[in-house]
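**Student:** Here it is, the structure, as structure tokens.
The values are calculated or read from the model by the stated rules, or taken from the named source; none is laboratory data. This one's a predicted model, so the numbers in the text were calculated from it and none came from an experiment. Using ideal geometry, Cβ is built from the backbone for each residue, glycine included, and neighbour counts are taken over all protein chains shown. Keep in mind that these areas ignore ligands, DNA and RNA; they rest on the heavy atoms of the full protein, side chains included. Shrake-Rupley method; radii C 1.70, N 1.55, O 1.52, S 1.80 Å.
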Amino acid sequence: MSHPSTILDQTAVLRVMFYPRRSWPGVSLVSNVHDGRVQVEPGVSVGYSLHLAEPQSPLILYFHGNGEIARDYDSIASFYTGLGISLLVADYRGYGWSDGLPTASSLVHDAPLVFEALGQMLREAGSEVPQRVFVMGRSLGSAAAIEVARHHQEAIAGLIIESGFAHTLRLLARLGVVLENLDEAQDVFANLAKISQISLPTLVIHGQADMLIPASEGVALYEGSAAPEDKKRLVVIPGAGHNDLLALGAATYFEAIRDFVLA
């Protein structure tokens, strides 16, 4: 690997942090989807699925949760494209048709490179980079999205965090892993510290009844964001947990995304 490892790459952490599944490109049952791969280091590429709306529609680069793959979003993408928003869902190493094995350090290493390859990915689909690009992360994907936003604020129109975590140690403890010797310098995620450096317009969406990543974590990210008060919004969906935001609050969820992206 060309990137340094971290204490978060130890086996006990990876066992609860990542749940990769395999899939294959070109087998989607929906139309207007473009599957591909982007190189993140020599000999290692990660997969993605691109769902296009109109050529110059705003685009969301989306990083999913730890038990999901890009192919899972085929059934959801039409909600975005129906609003006039293109959706590009990126996988992590070991997920879908990506190479390698997932680690915490590779996740934060690869995410900015995926963003930097947007031009290549869109050209391969016969399109081009739109004027407005947003980055979005769900759950574990919040770390990838925040890392992209931290590196590329000047090129991003806004940051969307869904069910994201602010404190890595607290999340690991809820997953049954206690790291006594993890300090800020060893936490490659450090979502709360990083978002304090990001002044982009920010939308935070969280389930009020989330038992895995409590709503207080979303509140902490919202309050910790460096975005001006009139450029950030917190949406808490009543009664929703970690994995049922769309089942219990789809209208609220997509209304918030529509207003944020298309404003």
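**Student:** Quick one: how many residues across region 9-30 are closer than 20 Å to Thr168 by Cβ and open to solvent by 80 Å² or more (accessible area, probe 1.4 Å)?
**Tutor:** 3
**Student:** Moving on. What is the number of the single condition among (1) surrounded by 15 or more Cβ atoms within 10 Å (Cβ to Cβ); (2) within 26 Å of Pro102 (Cα to Cα); (3) aliphatic (A, V, I, L, M); (4) out of contact with any Ser or Thr (no Cβ under 6 Å at 6 or more places or on another chain) that Ile213 does not meet?
**Tutor:** Only one criterion in (1) surrounded by 15 or more Cβ atoms within 10 Å (Cβ to Cβ); (2) within 26 Å of Pro102 (Cα to Cα); (3) aliphatic (A, V, I, L, M); (4) out of contact with any Ser or Thr (no Cβ under 6 Å at 6 or more places or on another chain) is unmet by Ile213, namely (4).
**Student:** Moving on. If Ala53 passes every condition in (1) closer than 24 Å to Ile156 by Cα; (2) touching a His at 6+ places or on another chain (Cβ under 8 Å); (3) not in a strand (DSSP E or B) but one, which one does it miss?
**Tutor:** Just one mismatch for Ala53, condition (2).
**Student:** Limited to region 1-36, what total is found for residues that are at pLDDT below 90 and closer than 19 Å to Ala104 by Cα?
**Tutor:** Going through region 1-36 one residue at a time, the tally reaches 7.
**Student:** Sticking with this one: Can you name the residue in region 181-210 that is among the small types (Gly, Ala, Ser) and surrounded by fewer than 18 Cβ atoms within 10 Å (Cβ to Cβ) and, of all such residues, is farthest from Leu246 (Cα to Cα)?
**Tutor:** By that ranking, first place goes to Ala185.
**Student:** Looking at region 17-47 only, could you name the residues that are in contact (Cβ under 8 Å) with a residue 60 or more places away in the chain, under 18 Å from the mean Cα position of the chain (by Cα) and not in a strand (DSSP E or B)?
**Tutor:** Once the filter is applied, which keeps residues that are in contact (Cβ under 8 Å) with a residue 60 or more places away in the chain, under 18 Å from the mean Cα position of the chain (by Cα) and not in a strand (DSSP E or B), region 17-47 yields Met17, Phe18, Pro20, Arg21.
**Student:** Let me ask something else about it. Considering only residues of region 228-262 that are among the charged types (D, E, K, R) and not in a helix (DSSP H, G or I), which is least open to solvent (accessible area, probe 1.4 Å)?
**Tutor:** Lys232
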